[in-house]
Amino acid sequence: PLAVAAAWTGSEGRTPLEGLAVVTDPGTGDVAWLSAELLGDDAVQEALGELVAAPDAGGRPVAAHQAKALMRSLLDTGVDVRALALDTAIAAYLLDPAESRYLLDEVLRRYAKVELPTDGAAAEGQLDLEGDGVSVALRTARHALAVERLIGPLTRALDDQGLRSLYDEIEVPLVRVLARMEHAGVGVDADELRGLRDRLTGEVERLRQAIWDDAGVGEFNVN
């Protein structure tokens, strides 16, 4: 699988992409960084679309952490990830639903027994061009490599616990469905929703006043 990671200007999947990191050689740790400017290029979008197309169309299977956000953002650029193979967050959830969090660094520590480097000042002899130690490109490249390191351990764990069919047949296809739903959005009657809000707000205020009157002790928090 092709290990990828993305960076956003704000919240994941809901703000513009800053760039995309793609592991090009797992053995040497080489990662390609596609900046937002590159991702806006028609030729790059076409090549990327071919790379993540369905397998029968020559695409590569893709591995990512919290893949829905990535897939949703790529849909904004016209790129449809058709061959998700591994979402490391969902796989970790299936393997241990009792955990409360499934952050990439925690999953990496739990299943690959390694840790992400901490963001900090540049190493001695290196230029700190960003002023805060680690560039977005480097940080995202590290995340892509973390995903790459998790492919083997998580895949084996799913097999060992008999969860592979559940994961492959239900969980993975659902990620793309949800990403496309969020990308398309939901049509609503805005005027009706505003009217409903106003009616409910008015009813809450009426009930709050009635409670205060019945209590006879002045205003207080009835929530």
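The values are calculated or read from the model by the stated rules, or taken from the named source; none is laboratory data. As the structure is a prediction and not an experimental result, all values here were calculated from the model. For neighbour counting, all protein chains shown are included, and Cβ atoms are generated from backbone atoms with ideal geometry for every residue, glycine included. For the accessible areas, the whole protein counts, side chains as well, though only heavy atoms, and no ligand, DNA or RNA atoms are used. Shrake-Rupley method; radii C 1.70, N 1.55, O 1.52, S 1.80 Å.
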Given points 7 Å out from each Cα along the Cα-Cβ axis, report the Glu18 to Asp168 separation in nanometres with one decimal.
3.7
Work out, in µm²/s and without decimals, the Stokes-Einstein translational diffusion coefficient of the chain at 20 °C, 1.002 mPa s, Rh from Kirkwood over C-alpha pairs.
106
Between Ala43 and Asp191, Cβ-based FRET efficiency (R0 45 Å, step 0.05) works out to 0.55
Would you list the membrane-span-like helices of the chain, meaning whole DSSP H runs whose alpha-carbon atoms span at least 27 Å along their axis and whose mean Kyte-Doolittle value is at least -0.5?
136-160
Return the carbon/sulfur percentage of the accessible area of region 32-77, one whole number, probe 1.4 Å, all protein chains in place.
52
Which order do peptides 58-66, 38-46 fall in by mean Cβ count within 10 Å, highest first?
58-66, 38-46
Could you work out, for region 13-82, what percent of all Cα-Cα pairs fall into each 10 Å distance bin, beginning at 0 Å and stopping at the bin that holds the largest distance?
19, 55, 25, 1
Leaving out ligands, DNA and RNA but keeping every protein chain, what accessible area does Ser165 have, in Å² rounded to the nearest 10, with a 1.4 Å probe?
70
Protection proxy ranking of 138-148, 179-189 - average other beta-carbon atoms within 10 Å, highest first
138-148, 179-189
Magnitude of the Cβ-charge dipole of the chain, K/R +1 and D/E -1, about the Cα centre, nearest 20 debye?
520
In square angstrom, what is the accessible area per residue of the chain with a 1.4 angstrom probe?
59
Expressed in angstrom, Rg and Dmax over the Cα atoms of region 67-113 are 12.9, 37
Let me have the relative contact order for the chain, percent, based on Cα pairs under 8 Å that are six or more residues apart.
21
Tell me the label-point distance for the pair Arg60, Arg180, using the 7 Å Cα-to-Cβ offset, in nm and rounded to one decimal.
2.4
Could you compute how much accessible surface Val114 exposes when probed at 1.4 Å, giving the result in Å² to the nearest 10?
40
Between beta-carbons, use under 14 Å as the cut-off and find the net charge around Glu219, counting Lys and Arg +1, Asp and Glu -1.
-2
Compare the peptides 206-215, 82-91, 13-22 by average per-residue count of other Cβ atoms within 10 angstrom and give them in order, highest first.
82-91, 13-22, 206-215
Leaving ligands, DNA and RNA out of it, rank Ser73, Ser100, Ser35 by accessible area with a 1.4 Å probe, largest first.
Ser100, Ser35, Ser73
